[in-house]
1. Could you please let me know if residue B:105 is within 22 Å of the chain's Cα centre (by Cα), more than 14 Å from chain A (Cβ to nearest Cβ), within 26 Å of residue A:103 (Cα to Cα) and assigned to a helix (DSSP H, G or I)?
2. Could you please tell me which pairs satisfy a Cβ distance under 7 Å, a separation of 6+ or placement on different chains, a first residue in segment B:70-81 that is over 15 Å from residue B:92 (Cβ atoms), and a second residue that is modelled with pLDDT of 85 or more and surrounded by 10 or more Cβ atoms within 10 Å (Cβ to Cβ)?
3. Within segment A:82-101, can one find any residue that is more than 8 Å from chain B (Cβ to nearest Cβ), surrounded by fewer than 22 Cβ atoms within 10 Å (Cβ to Cβ), out of contact with any strand residue (DSSP E or B) (no Cβ under 7 Å at 6 or more places or on another chain) and assigned to a loop (DSSP other than H, G, I, E, B)?
4. Examine segment A:164-187 for a residue that is farther than 22 Å from residue A:51 by Cβ, buried (at least 20 other Cβ atoms within 10 Å of the Cβ) and within 14 Å of chain B (Cβ to nearest Cβ), and state whether such a residue exists.
5. Could you list, in sequence order, all residues of segment A:116-152 that are within 12 Å of chain B (Cβ to nearest Cβ) and crowded, with 18+ Cβ neighbours inside 10 Å?
6. Looking at (1) surrounded by fewer than 18 Cβ atoms within 10 Å (Cβ to Cβ); (2) touching a strand residue (DSSP E or B) at 6+ places or on another chain (Cβ under 7 Å); (3) assigned to a loop (DSSP other than H, G, I, E, B); (4) more than 14 Å from chain B (Cβ to nearest Cβ), find the lone condition where residue A:54 falls short.
7. Going through segment A:109-131 one residue at a time, which ones are without any contact (Cβ under 8 Å) to a residue 40 or more places away in the chain, touching a helix residue (DSSP H, G or I) at 6+ places or on another chain (Cβ under 8 Å) and in a loop (DSSP other than H, G, I, E, B)?
8. Does segment B:134-144 include one or more residues that are free of Cβ contacts under 8 Å to residues at least 12 places away in the same chain, within 13 Å of chain A (Cβ to nearest Cβ) and surrounded by fewer than 20 Cβ atoms within 10 Å (Cβ to Cβ)?
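The values are calculated or read from the model by the stated rules, or taken from the named source; none is laboratory data. Quick caveat, the model's predicted, so the values are computed rather than measured. Using ideal geometry, Cβ is built from the backbone for each residue, glycine included, and neighbour counts are taken over all protein chains shown.
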């Protein structure tokens, strides 16, 4: 089991954003998370990637506990150094790409492997060029982010995350900032990764994509997992009323 | 006194003006960064102290601050330091300009989108690495226009050393003009400041162009 999130609770001031979320991701699985805005999907991803701290529950990667709830009910994380190891297990692709604008594409891909994972320049560059080739943008290695289209930038962002060789890759609405034409090229890359059995969790509004590519779909609303299962079950035969209501919107 | 004599008499003054300018930049550019970072301290007392410092220094004339630095040790603390004129001058300038640079740095740092910090965090960069490799290079590019303004102001502010009877170019211009009843020394001083600022503007513009390799 690559990732286990058990009974996750998270609140921001008075607002309870995650109310008791549990889900697992096994090696090679692609899990899609769908749901309305404010349902907690992004927060769940941010908790999984340690950008946010949970208030209760348990996070385990590869069977090792990164955070758990002690007897007094407080969430306790491992030490800073140990957390560094957990961070190396996960990669995150942001909706807004968040590429480093002062680095060219190649440097965006090689800087972290070299300075965080202490890989050699040769190894980092070889990995980077291979990834850029897979993404179809090897010829843009010397370009700067501002010179690329949104779809290209997001593919660089995916390559940057993959260059760190994570166990699991998270996507936070990777195509929401892209127009329909550019969305296709990014979805194609994610589909390719799925075929290569990359473990992934994708928060998305692209329903046909979620249905086609995932092994499992989670529907979240108001901080809870309302329904989860095989994409064909959830999309074609939703059990819960809220799920039906949500999916109805996409049938227009 | 003919023009050449006036000019050569004023040369040491020009060098002293340049000295104040250089030492102030060497001192206040790093000090300003330290102040900007201290302003984000976890300790409220540190943040409070820095806020007061910035407020007082930016809220009072530099001329007045130079006088406080010079006369303060003796009249406030009964300390007799000896050759205190030049140290007081430089301390006054450095502490003053550091306050302005601190706010420029703060503005630059706060303008960096939080996504940059988050991307760096997920990739595993340490806080120091994030600041030095990701944030600071972007901040430098963003603050260049404001920094240029401050440097141009500094060139002219060096004339305030006149307050402490330090013979930089403006003081000498005043002295020679009085003793020779001529306006020429002021013209020489004026041209000196103008040329100095022209060089500054040229250098800053080249730096901005060099940083323009990305948007």
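1. Numbers: within 22 Å of the chain's Cα centre (by Cα): yes; more than 14 Å from chain A (Cβ to nearest Cβ): yes; within 26 Å of residue A:103 (Cα to Cα): yes; assigned to a helix (DSSP H, G or I): yes.
So residue B:105 fits the description; yes.
2. B:79/B:73; B:80/B:74
3. No, every residue in segment A:82-101 fails to be more than 8 Å from chain B (Cβ to nearest Cβ), surrounded by fewer than 22 Cβ atoms within 10 Å (Cβ to Cβ), out of contact with any strand residue (DSSP E or B) (no Cβ under 7 Å at 6 or more places or on another chain) and assigned to a loop (DSSP other than H, G, I, E, B).
4. No, because not a single residue in segment A:164-187 is farther than 22 Å from residue A:51 by Cβ, buried (at least 20 other Cβ atoms within 10 Å of the Cβ) and within 14 Å of chain B (Cβ to nearest Cβ).
5. From segment A:116-152, those within 12 Å of chain B (Cβ to nearest Cβ) are A:116-118, A:142-148; that's our starting set.
If the condition is that a residue be within 12 Å of chain B (Cβ to nearest Cβ) and crowded, with 18+ Cβ neighbours inside 10 Å, then A:116, A:144, A:145, A:148 are the ones that fit.
6. (1)
7. Those that are without any contact (Cβ under 8 Å) to a residue 40 or more places away in the chain, touching a helix residue (DSSP H, G or I) at 6+ places or on another chain (Cβ under 8 Å) and in a loop (DSSP other than H, G, I, E, B): A:119, A:120.
8. Narrowing segment B:134-144 to residues free of Cβ contacts under 8 Å to residues at least 12 places away in the same chain: B:136-137.
Next, from what is left, pick out any that are within 13 Å of chain A (Cβ to nearest Cβ): B:136-137.
Adding the requirement that they be surrounded by fewer than 20 Cβ atoms within 10 Å (Cβ to Cβ) leaves B:136-137.
Checking segment B:134-144: at least one residue is free of Cβ contacts under 8 Å to residues at least 12 places away in the same chain, within 13 Å of chain A (Cβ to nearest Cβ) and surrounded by fewer than 20 Cβ atoms within 10 Å (Cβ to Cβ).
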